[in-house]
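See structure below.
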Amino acid sequence: MSETTTIAPAQRKPAKSRSAIFAIGLILVGLHVAIALTTVFWTPYGAMETAGMRLEAPSAAHWLGTDRLGRDFLTLVMIGSRIALIVGIGAVGIGAAIGVVLGLLAAFATKFLDDVLAAMLDILIAFPVLLLAMLVVAASSEASLWTATLALGIAMSAIVARLTRILVKRVLQNDFVTAARTSGSAWPSIVLRHILPNIWPTLIVNFALQFGIAIIAEASLSYLGLGAPLPNASWGRLLQEAQGTVYTAPLGAIAPGIALVSLVIGANLLADGMRELRDPTRSTQR
Amino acid sequence: MSLLVAFMVLFFLLRLLPGDPSASLLSVGASPEQIAAARAQVGSDLPLGEQFVKFLTDIFRLDLGTSFVSGVPVADEVGERLSVTLPLTLMAFALAILISVPLGILSAVKSERWYAQVLSVVSQLGIAVPAFWLGILLVLVFSINLRWLPSGGFPTRGWEEPLDAVTKLILPVVTVALIMSAALMRYVRAATFDVLGSDYLRTARAMGDSFAGALRRHGLRNGAIPVISILGIELGSAFLGAVVIERVFTLPGLGSMLLLAIEQRDYPNIQGVLLLSTLLVLVVGFIADILQRLVDPRLRSERARI
């Protein structure tokens, strides 16, 4: 009956909708990149400038109104794009650098070392990224953009390491690796020539997802007061400050959130799109 | 074994924090002798190995030490804070299951219908929304505009005022539950898809079972296995993730205790909260493991590690 017809086609969506997803992701992320680049040399007002009265309602002069110190909300939200991209890319980069090396080590290590590393990674992963990042931030003497980025990168490296470890182990079982090994290739060249090219595509999709996770975690850190202070404030800090004046200026508590969500969704869609374009037989469910 | 590794990771992670814990409890002008005395009292002057042994034995005696700042035994404060965080987490968890399991199954079975598509978009949105922002939005709507619910706080006498306590927990619980169900729904949906495409379901259908009957008899059990392990992870992280939500709604739970302890470099308190959380995450994982074995007899024999 009608039930049976709904089963089969649902698992595979046509390739067309997948490239559409990729395109939407690209547009959303591209928009934020454009805004971020614009803020480097132009913003409507200065980040710390008292541009108007306190808590002004939205107007032609201040599209999103002003905060409790008279700063222009739009300016702050725009700068938030730049901060988010810096932290997101930085954190994923650091997490990737540490994680891939650790994962490779674990995959190549002796059984005992591998077991110990795997157990430690499992436990680290059981903790939310945010909690680990909080500890790293607490360990550094002052909150800055760099500490937040570093903290998130370290916190995420465990996830990358575990993924890399599993991927590498899978590649190692292949015949071409055995062939390379028996023909006397050195380890570094096997890693560079056979392993990395094979695990790279999966890793990249994962990095796009982690970019979104990093941005949410950074916003949460900032919201808790553990992120970078103004003028480098992220959307998280804007939201924290705006929460106090949510009665009089609700837009301040809404706009940074919308900006944040649109960037994260953009990154997630990019990841989904990449995964599908690369391997159309695999479903996106997961 | 994994418990020991967890404690080790925790211990050394904490020792990595710079800033002498004992220095923070003395005034800035403390003399070197005073600092040395404080270090001796705390035990941070001992070699690392000795500290670790002491740390372990103290745990087994359930002695978490006393707070540097308030002088209150850590175990007492953790217990008190737990009376806020635990109900918050458990209620949110239960609500999340109630929301996500039926909706997840529905969105997989009826994936062609418009409402299933909407559900899938909403769950995608939910993953991108930070918990604290959803909390702020809910406050904006239900506390400020509609004036139905309080925007935060907790009765000073705690659960001695049950009605007040429950009222103040509604918004935080809903916030956590909605965020959790967004992620959970995707897993339930994926698990259901796997079941729908499976051979045993097709066989059951071919043998004349109705679709709903086949799903009930064969699908649920199989679909439950991956979902249970995700549930375990989600419960653990919801417990730890309470930090942010407690801040949004100014709840005096474990999260705000941890945040304050980190700000004040109050070692015993940080340690106490983290120990308890680790223990809880591991115990929940263990329970999830047992549940999986109960559901799937094949797992009762030794499982291969990936």
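Read-outs: derived from the displayed coordinates by stated rules, not from any lab. All of these numbers come straight from a predicted model, not from anything done at the bench. Cβ coordinates were reconstructed from backbone atoms using ideal geometry, including for glycine residues, and neighbour counts include every protein chain displayed.
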Checklist entry - Residues with amide H under 5 Å of A:Arg68's amide H, sequence separation 5 or more or different chain, H placed in the peptide plane at 1.01 Å from N; which? => result A:Leu55
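Provide the three semi-axes, in whole Å and in decreasing order, of the ellipsoid equivalent to segment A:215-282 as defined by the square roots of 5 times the Cα gyration tensor eigenvalues.
Ellipsoid half-lengths, sorted descending, are 32, 14, 8 Å.
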Item to check | trypsin sites (Lys or Arg not before Pro) restricted to DSSP loop in segment B:99-195 with at most 14 other C-beta within 10 Å | outcome: B:Arg113, B:Arg147, B:Arg157
Checklist entry - What order, most packed first, do the peptides B:87-94, B:138-145, A:222-229 have when packing is the mean number of other Cβ atoms within 10 Å of each residue? => result A:222-229, B:87-94, B:138-145
Item to check | Table column - 3J(HN,Hα) (Hz), segment B:131-141, Karplus curve with 6.51, -1.76, 1.60, x for Gly and Pro | outcome: 4, 5, 6, 4, x, 4, 5, 5, 4, 4, 7
Checklist outcome for this item: So, relative contact order of segment A:163-286 in percent, Cα under 8 Å, 6 or more apart, is 21
Checklist entry - What FRET efficiency, computed as 1/(1 + (r/R0)^6) with R0 = 30 Å and r the Cβ-Cβ distance, is obtained for B:Glu80 and B:Leu294, rounded to the nearest 0.05? => result 0.30
Item to check | Centroid-to-centroid separation of segment A:119-178 and segment A:187-210 [C-alpha atoms, Å] | outcome: 16
Checklist entry - Summing Lys, Arg as +1 and Asp, Glu as -1, what charge do residues with Cβ under 10 Å from the Cβ of B:Met257 carry, B:Met257 excluded? => result -3
Checklist entry - Using modelled backbone amide H atoms (1.01 Å from N, in-plane), which distant-in-sequence or interchain residues come within less than 5 Å of B:Leu251's amide H? => result B:Gly153
Next on the checklist: Between A:Ala186 and A:Phe112, what's the calculated FRET efficiency when r is the beta-carbon distance and R0 is 30 Å? Round to 0.05.
Outcome noted: 0.80
Checklist outcome for this item: The FRET efficiency for A:Trp146 and B:Glu112, from their Cβ-Cβ distance with R0 = 35 Å and rounded to 0.05, is 0.10
Checklist entry - Under the Karplus relation 6.51 cos²θ - 1.76 cosθ + 1.60, θ = phi - 60°, what is the ordered set of whole-Hz ³J(HN,Hα) values for segment B:180-186, x standing for Gly and Pro? => result 4, 5, 4, 6, 4, 4, 5
Checklist entry - Whose amide H sits under 5 Å from the amide H of B:Thr66, counting only residues 5 or more places off or on another chain, with H placed in the peptide plane? => result B:Val74
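If you take every residue apart from A:Leu104 with its C-beta less than 11 Å away from the C-beta of A:Leu104, what net charge results, scoring Lys and Arg +1 and Asp and Glu -1? The partial results should precede the final answer.
On the way: positive: A:Arg165, A:Lys169; negative: none.
Overall, the nearby charge balance is +2.
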Next on the checklist: Using the Karplus curve 6.51 cos²θ - 1.76 cosθ + 1.60 with θ = phi - 60°, what ³J(HN,Hα) values do you get for each residue of segment B:243-258, in whole Hz, with x for Gly and Pro?
Outcome noted: 3, 6, 5, 5, 5, 4, 9, 6, 9, x, x, 4, x, 5, 5, 5
Checklist entry - On full extension of the chain, what length is gained from B:Arg221 through B:Val122, given 0.36 nm per residue of separation minus the C-alpha to C-alpha distance? => result 33.0 nm
